[in-house]
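What follows is a single structure, written as structure tokens, with notes after it.
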Amino acid sequence: MTVRLGLRANAAQFSLLVVLNALVGAMVGLERSVLPVAGRRDFGLRSSAAILAFVVAFGAAKAVTNLVAGRLAGRIERKQLLVAGWLIALPVPLLIGLAPSWWFVVAANVLLGVNQGLAWSMTVVMKIDLAGPKRRGLALGLNEAAGYMGVAAAAFASGALAASYAPLTVVWTGAAVIAVVGLTLSLLFVRDTGEHVRVEQSTLPRPVVGCRLSVCAQAGLVNNLNDAVAWGLAPLYLAARGASTREIAAVAAFYPAVWGVGQIGAGWLSDRIGRKRPIVAGMLVQAGGLGLLAGSGGRFTLALAAAGLLGVGTALVYPTLIAAVSDSVEPKARAAAVGVYRFWRDAGFVAGALLGGELADVAGSVFAIAAVGGLTAASGLWVAAAPFAGGQPSNRRSRHARDRLPVRA
């Protein structure tokens, strides 16, 4: 068969992977508006650090799995790892639905983290494989947009349904449906992209240059550190100040919805102006959103505006960082490099849950949220001061020709 690089040449498979990533995101979104509150109301937990243990478990499992998946993707098929991710998701609904204690929920989130580390990682890497170098930022923007629109839709739906049904019932039934659909689509319709990697590698005429992985890694870690605080502490913060279940669901959903939609434009923009400026701007906007949330006093309109700022900032950062890492390595090394970056990025969930939970227990949620906002601003300034290249092709014509070059497989 003839293998071609490019979004248009691979539209069917690319679109299928977009749908699958929306399902991967929805698995996590089911938890975002209801699980922290359920820990307090249904399991009687009083410590914010204890409640955020599920985020620690999720983040640690996902981070390590990202690293392992990146290394394995160079040795076995990407499709096999994608299918494995969905198989590991199947016990998650059972553990949550039958949970006699909070620690069953924590255990479910270990498996959920492994599911995300395999399934999300492979949809990311496979889309990069299909797209080729010219539209890498746009491809990643579409991928991450689908994932976080899935997060947003599931977060809003689960929060709205939790007003009428038991929250854990909403989570486990939704997770069961999503896991079965994701596994079926992956098994029957996804094709592996290893040959696309070999095509790109064989037609690469230039040395690879780009960002420093350490710069991207720290920004990714801090980004997910503040996401963990938004995920775990924001619902508790709003509930303690009298917000209704539906208001909490709206805030929890609005943040990833803006994040999701905005990534399409952010990825496209980074292909044209470079990776550095969107990353710096995004980190600073996130910091402003966290500051507004901390000063909102729990008022719904201000909290919603803060969620919007967080969404805009994260949209600028999320696909751009992965694209910057992908720019910096040869195609054959890309999966491993992305795995290393995603390891450090998702370690931010662990750091954020531990730091946010401890600060909230000691000094209150307002201080914890504000402190993380300051850390996010410092991270953006670090990127601004660092040497950074990538995302601005110096030979656009040759890249375009390379994207269209057919190679017989």
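Could you tell me whether the range 17-65 comes out rounded, prolate or oblate from its Cα gyration tensor? Rule is a ≥ b ≥ c as square roots of the eigenvalues, rounded for a/c under 1.5, then prolate if a/b exceeds b/c, otherwise oblate. Cα axes put the range 17-65 in the oblate bin. Ordering 295, 237, 88 by Cα displacement along the dipole of the range 2-408 toward the positive end leaves 88 in first place; charges were set at the Cβ atoms of Lys, Arg (+1) and Asp, Glu (-1).
Label sites at residue 166 and residue 268, each approximated as a point 7 angstrom past Cα along Cα to Cβ, lie 4.6 nm apart. Rounded to 0.05, the FRET efficiency of the residue 304 and residue 191 pair, given R0 = 45 Å and the Cβ-Cβ distance, is 0.60. Rounded to the nearest 10 degrees, the angle from helix 167-189 to the longest Cα principal axis of the chain is 10 degrees.
In debye to the nearest 20, how big a dipole does the range 2-408 give about its Cα centre with +1 on each Lys and Arg Cβ and -1 on each Asp and Glu Cβ?
Using Cβ point charges on Lys, Arg, Asp and Glu, the range 2-408 gives about 1420 debye.
Ranked by Cβ crowding within 10 angstrom, fewest neighbours first, how are 42, 346 ordered?
Least crowded to most crowded, the residues run 42, 346.
Largest first, the three principal axis extents of the alpha carbons in the chain are 61, 46, 29 Å in whole numbers.
Compute the acute angle (0 to 90°) between the alpha-carbon long axis of helix 102-131 and the principal axis of greatest extent of the alpha-carbon atoms of the chain; round to the nearest 10°. That helix lies at roughly 20 degrees to the long axis. Note on residue 90 and residue 47: their simple-model spin labels are 3.6 nm apart, each label 7 Å out from Cα toward Cβ.
Rank these for me by crowding, 165, 255, going from fewest to most other beta carbons within 10 Å.
Values: 165 12, 255 31.
The most exposed by this proxy come first: 165, 255.
Relative to the current alpha-carbon distance between residue 80 and residue 333, full extension at 0.36 nm per residue lengthens the span by 89.2 nm. Fully extending the segment from residue 2 to residue 363, taken as 0.36 nm per residue of separation minus the present Cα-Cα distance, adds 123.9 nm.
Identify which of 313, 194, 85 has the largest mean-square fluctuation in a Gaussian network model of the chain, with springs joining Cα atoms closer than 10 Å. Answer for the Gaussian network model of the chain: 194.
In deg cm²/dmol, rounded to 500, what helix-only [θ] at 222 nm does the chain give when every DSSP H run of at least 4 residues adds -39500 (n - 2.57) and the total is split over its residues?
-26500 deg cm²/dmol
Residues 86, 259, 344, 382, ranked from the fewest to the most other C-beta atoms within 10 Å, line up as 382, 344, 86, 259.
Values in this text are rule-based calculations from the coordinates and carry no lab data. The model shown is predicted, which means the values in this text are computed figures rather than measured ones. Every residue, glycine among them, receives a Cβ derived from its backbone with ideal geometry; neighbour counts consider all protein chains shown.
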